[in-house]
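Below is one structure, written out as structure tokens; comments come after it.
The values are calculated or read from the model by the stated rules, or taken from the named source; none is laboratory data. What you see is a predicted model; the values in this text were computed from it and never measured. Using ideal geometry, Cβ is built from the backbone for each residue, glycine included, and neighbour counts are taken over all protein chains shown.
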Amino acid sequence: MDGTLRTARLTLVPATLEELRVKFDGPEGPPPGVSPKWIEKLRAARGPDPWEFGYTVLLAESRQAIGGVSFKGPPGHDGVVEVAYGIDEAFQQCGFATEAAGALVTFAFADPRVRIVCAHTAPGAAASSRVLEKCGFTRVADVLDPEDGLVWRFERARPR
């Protein structure tokens, strides 16, 4: 299996190291908000890894790249994994973020190590919060994230 995930309208392909290095590790340095620790992992990586480097989101029919989804690392010892997602502005408000995030949640719960999938959004980020709610997440807390400051924490527990 090549690690590709499919939904009704999308194909999620494991992000290649080459595309990630061009996007995040160029001569001008990483974009704001990209963890230096993650950049070091990217530099040391030898192949795609869905837990570390995520997926490129493609429209299934045209194969046009419209965004990305990822985890913020493999499941922790506590069984928690965090998801993140982003869809290019021209393709927002079409349900693609919900569809892609849902595929990532399904992938996560296929791994027996995963007990809870969480996500963080900026306070008041209505669109992002709606994506998570549509994917079955519940807002559980306000959290002070070391990299992002105050965020809302959403969680979804493994189905019983």
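Brief remarks follow.
- Among the candidates Arg46, Arg63, residue that is without any contact (Cβ under 8 Å) to a residue 40 or more places away in the chain, loosely packed, with under 14 Cβ neighbours inside 10 Å and more than 20 Å from Ala119 (Cα to Cα): Arg46
- In this structure, Arg139 does not satisfy being among the basic types (Lys, Arg) and either within 26 Å of Arg6 (Cβ to Cβ) or touching a His at 6+ places or on another chain (Cβ under 7 Å) (or both).
- When residues of the range 128-158 are limited to those that are surrounded by 12 or more Cβ atoms within 10 Å (Cβ to Cβ), modelled with pLDDT of 95 or more and of a type in the set (Asp, Glu), the one farthest from Arg115 (Cα to Cα): Glu133
- Which listed residue, of Gly33, Gly68, is part of a strand (DSSP E or B), out of contact with any Leu (no Cβ under 6 Å at 6 or more places or on another chain) and not polar (S, T, N, Q): Gly68
- Unique match (being in contact with a His (Cβ under 9 Å, 6 or more places away or on another chain), of a type in the set (D, E, K, R) and not in a helix (DSSP H, G or I)) among Glu28, Glu82, Glu61: Glu82
- Apart from one condition, Val81 fits all of (1) touching a Pro at 6+ places or on another chain (Cβ under 8 Å); (2) at pLDDT below 95; the exception is (2).
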